[in-house]
1. Between residues in segment 248-266 that are within 17 Å of E136 (Cβ to Cβ) and in contact (Cβ under 8 Å) with a residue 12 or more places away in the chain and residues that are within 10 Å of ligand 2 (Cβ to nearest atom) and part of a helix (DSSP H, G or I), which pairs lie under 9 Å by C-beta distance while being six or more apart or on different chains?
2. Name the residue that is nearest to the chain's Cα centre (by Cα), counting only residues in segment 121-140 that are over 23 Å from M304 (Cα atoms) and surrounded by fewer than 18 Cβ atoms within 10 Å (Cβ to Cβ).
3. Determine if segment 149-157 includes at least one residue that is within 16 Å of ligand 2 (Cβ to nearest atom) and either outside any helix (DSSP H, G or I) or on the phi < 0 side of the Ramachandran plot (or both).
4. For K149, work out the one condition from (1) touching a strand residue (DSSP E or B) at 6+ places or on another chain (Cβ under 9 Å); (2) crowded, with 21+ Cβ neighbours inside 10 Å it doesn't fulfil.
5. Which condition does Y276 not pass, out of (1) more than 16 Å from ligand 2 (Cβ to nearest atom); (2) within 13 Å of the chain's Cα centre (by Cα), if it passes all the others?
6. Taking the residues in segment 113-125 that are under 16 Å from Q255 (Cα atoms) and without any contact (Cβ under 8 Å) to a residue 60 or more places away in the chain as candidates, determine which candidate is nearest to ligand 2 (Cβ to nearest atom).
7. Please find, within segment 50-79, the residue that is surrounded by the fewest Cβ atoms within 10 Å (Cβ to Cβ) out of those that are in a loop (DSSP other than H, G, I, E, B), of a type outside the set (G, A, S) and more than 16 Å from ligand 2 (Cβ to nearest atom).
8. Determine which member of the set E270, E338 is out of contact with any Gly (no Cβ under 7 Å at 6 or more places or on another chain) and either of a type in the set (D, E) or farther than 16 Å from A73 by Cα (or both).
Amino acid sequence: MNYRIAVIAGDGIGPEVTSQAVKVMKRTGEKFGHDFEFTYAYAGGCAIDKKGECLPEETLEICRRSDAVLLGAVGGPKWDDLPGPKRPEKALLGLRKDLGLYANLRPAVMFEELAGDCPLKPEIVKGGIDLMVVRELTGGIYFGERGTKETEMGPAAYDVEQYSEGEVRRIAETAFGMAMKRGKKVTSVDKANVLDSSRLWRRVTEGVAKEYPEVETNYMYVDNAAMQMVRDPKQFDVLLTSNMFGDILSDEASQVTGSIGMLPSASLGEGSFGMYEPVHGSAPDIAGRDLANPMATILSAAMMMRYTFGLKEEADAVESAVEKVLAAGCRTADIAGEGMKIYGTEETGNMIAEAI
Ligand code: IPM
Ligand code: MG
């Protein structure tokens, strides 16, 4: 089969980590007889520099013509002083919105080999962590009405959190569907003790939950969820969240599993099309030095094979190749234990490709 992939390498460590993922995909293609075809496009800070805007129409066109998008990371100090709408991060939001990718899947799995990197006490995480944040990605405060106004306390800025029933229903359906394939448990996160938007979120989710009697559902205020994530992360299977709560809790979940350098993500819409990217950012401090961990991006490529292309065996092969090289002691600096040899980005990519 022939699969078309748009590659947005982006800024900072983005180009280094995506090139390792492309390498691993090519190797997987050879092994399983698929033709993965890559088209490169600019977005983020590099697009501002080269094309004068963070998300050129040409990039969107390339994405729309592709079956999936592989994205590295965007942003960096060079562009930090630009006004909000011109910042590189705006490219990410634009891609998500334009491509209709409302469902963000962020699995946080603790790799056995990396249990030592987990900052929690061993007895808390014994048996491993395996949860998935299902984050709403094209609504809420990220896309709500915003503006400035004068107040008694001086000029003010505001961003509105708003959710419609339809937006909540579709992401809740994604979460419950996901739970059916996993541990059959959904924890819906909100702030329904304070916010009307959260009360609507909870009401709609309760309705969807009725359609999934096999799934155990509970509702948790976001402050409690943040606390439970470090108190007892094993209680979670699927966490259903709004855009902003999911942004925050997925970073927390990633640290609990050991390293943010390990976590992939998928952003999906109605069809099979999806955008796949590591949860980590552009890490400008280590960019271009062969220090970045490419595993999150490589695991994102595995998610692409699984969710967009339906290539289960191939996705499994990539995931087990990552486990294999971890077991063989391959560690980038972020996950190396004391006294362990540190591998570079390129070398890590090579080892994973060879292990396919
Ligand atoms: C993420 C990032 C983005 C977000 C930023 C870079 C816009 O933090 O994907 O989690 O807040 O969604
Ligand atoms: Mg984030």
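The values are calculated or read from the model by the stated rules, or taken from the named source; none is laboratory data. Please read all numbers here as calculations on a predicted model, not as lab measurements. Cβ coordinates were reconstructed from backbone atoms using ideal geometry, including for glycine residues, and neighbour counts include every protein chain displayed.
1. Taking only residues 6 or more apart or on different chains, the pairs are D251/I260; S265/S250.
2. G128
3. no
4. So K149 meets the others, but not (2).
5. Y276 satisfies every listed condition except (1).
6. Within segment 113-125, the match that is nearest to ligand 2 (Cβ to nearest atom) is K121.
7. R65
8. E338
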